[in-house]
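The next block holds one structure in the form of structure tokens; read it before the comments.
Read-outs: derived from the displayed coordinates by stated rules, not from any lab. Keep in mind the model is a prediction, meaning the values are calculated, not measured. Neighbour counts are summed over all protein chains in view; Cβ atoms, including those assigned to glycine, are modelled from backbone coordinates with ideal geometry.
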Amino acid sequence: MASEVLFTIKKNDQVGRYAVASRALKPGDLIFSEQPFAYGPKSDTPPVCLGCSAPADCSTLCSQCLWPVCGPECEGLPIHRENECAVFAKAGVKFQPVNDSAAVCLQYECITPLRVLLAKEKDLKRWQEEVEMMEAHNDIRKKRPLWQFNQTNVVGYLRGPCKLDRFPEELIHTVCGILEINAFEARTTAGHFIRCLYPKLAILSHNCVSNVHHSVSPDDFAVYVRAVVDTPENGELFSSYTYSLWPTLVRRDYLKESKYFECKCPRCQDKTELGTHMGSLKCSKCDNGVILSTDPLSFTCDWKCTHCDFKTNAVAVKKVYDTVQAEIDAVEMLGGPEGIEQREAIFRKYRSVFHPKNAYMTIVRSALTQLYGRADGYTIEDLPDLLLERKVELCNQLMEVLDVIEPGFSRIRGITLYELHAPLMILARNLYTSGAISKDEFRKKLQEAIDTLGKSVEILKNEVPDSNEGQLGLMAQQAYESLNQNFEVLIETA
């Protein structure tokens, strides 16, 4: 893939390699794009088609290697045919039947590491220039249970039954580590998740408030990395290796366990998470107190109320987080009216426990902004003014947090602005038709709603066209153009 690369690689003893902007960057500027070095099933996956990555019921097997595929078309895809298919067929390694095709299948643990090893042989130059120096942290991982797990399910399997003893044990463990620490998630055209190895993207340092955004094409899994805020020449480029809406305790725990470092970015060091209070709890012992960590970089320190003598500790706070996260996870796949009602119930349950901008209130809020207006009985034209106002409130409260932790041209910001414009328009129309506002006031409010949509378009146009967000961006663009063209008609016919 040909594209200008707008970053320079530097190195120091503290963080190793990192990237800086090679010129001043504006929001939306494409910094670089790249094809994955290799891609394949995620770890802990149930059986999937080795061609298209769709869930497999294991009833259809490849005619050459006898591993699950959807059919002849998937069997012939190069990603399968030119990788594990030839290896398994030559070694006579067949897929062992499973009782539950929805359960994790350990036979798949070897697939993506094998594809990386075969890619190394096909493109040794790229391996040596881009992949070989990626962090694997073998010294730390050797002390973890996952090392022995990989020894059995990947190293032993590839070097034994698959007859690939040309790959040394240490190299295979290194590949497992590189994938574990550096792989990024991507979605196929059908919406299934895989993991991809992007050497350039992996160079970017982590920060819990990133200044870049990456978008992956579900067609060929090319990644496009863009600036989301103004970045000066030689300014360091930061990606985020974790979910930005999690609170500090959870983010830092995830990074320590899965990426083998403890984040000390400005957000992690701030007791209020840069004023967002995403980790803060309300005090149950006094009226206005907020419970904050006494040391945000500690997993065990005291948490104290700002107004009274009440205190607890980080371990107890983490248990509260885990409890509400489990409740959120339980309704994650629920859409429709039930999805709205269950999330609103969680919101009501915990609003006396958490600060209004707490991470878990924000996560629920984010889901609700996209459900109101889409669910049966809750379509945008069905919503009474009370629920239109609720959707506007949810979007605005979410934006207050995003302004700090996902600033600039971030994907979630573009989506939230899109969700905000329609209720603003309908509320303005309803106010006008009821006589509550004048025509000039209606004109002003309608223009504000259209401008909100325009800001969404400006962000979402940077998403790859064949992604869900890219499709939303195209819809937003069409709606924006139509609303501008028909602005006066909308005023006169309201």
When the charge dipole of the chain is computed with +1 at the Cβ of Lys and Arg and -1 at the Cβ of Asp and Glu, the Cα pointing farthest to the positive end, of Val489, Phe442, Phe354, is that of Phe354
Say each of Asp451 and Glu338 gets a label point 7 Å from the Cα, pointing the same way as Cα to Cβ; how far apart are those two points in nm? 4.3 nm
Using a Förster distance of 35 Å, the FRET efficiency for Lys349-Ile437 (Cβ separation, nearest 0.05): 0.45
Give, as a single signed number, the net charge of other residues whose beta carbon lies under 11 Å from the beta carbon of Asn358, with Lys and Arg counted +1 and Asp and Glu -1. +3
Calculated P(r) tail over 22 Å for segment 209-294, as whole % of Cα pairs: 44 percent
Cβ-Cβ FRET estimate between Ser63 and Leu146, R0 fixed at 30 Å, reported to 0.05: 0.30
Give, in nm to one decimal, the length gained when the segment between Asp123 and Lys318 is fully stretched (0.36 nm per residue of separation minus the Cα-Cα distance). 65.7 nm
What's the FRET efficiency of Asp100 with Glu233 using the Cβ-Cβ distance as r and R₀ = 45 Å, to the nearest 0.05? 0.25
Radius of gyration and Dmax over the Cα atoms of the chain, both given in Å: 25.1, 80
Add +1 for every Lys or Arg and -1 for every Asp or Glu among the other residues with Cβ under 10 Å from the Cβ of Ser467, and state the total. -2
Positive end of the charge dipole of segment 89-211 (Lys, Arg +1 and Asp, Glu -1 on Cβ, about the Cα centre): tell me which of Ala190, Phe95, Ile140 has its Cα farthest that way. Phe95
Expressed as a whole number of Å, what is the distance separating the alpha-carbon centroids of segment 398-473 and segment 100-127? 42 Å
Would you work out the charge dipole size for the chain about its Cα centre, treating the Cβ of every Lys and Arg as +1 and the Cβ of every Asp and Glu as -1, and quote it to the nearest 20 debye? 1260 debye
Structure-based [θ]222 nm, the chain - -39500 (n - 2.57) summed over DSSP H runs of at least 4, per residue, nearest 500: -13000 deg cm²/dmol
With a bin width of 10 angstrom, please list the P(r) values of segment 1-78 as percents of all Cα-Cα pairs, from the 0 bin to the one holding the largest distance. 15, 27, 19, 20, 18, 1
Separation in nanometres of the label points that stand 7 Å from Cα toward Cβ, at Asp44 and Gln485: 4.9 nm
Would you mind putting 400-412, 264-276 in packing order, based on average other-beta-carbon counts within 10 Å, highest first? 400-412, 264-276
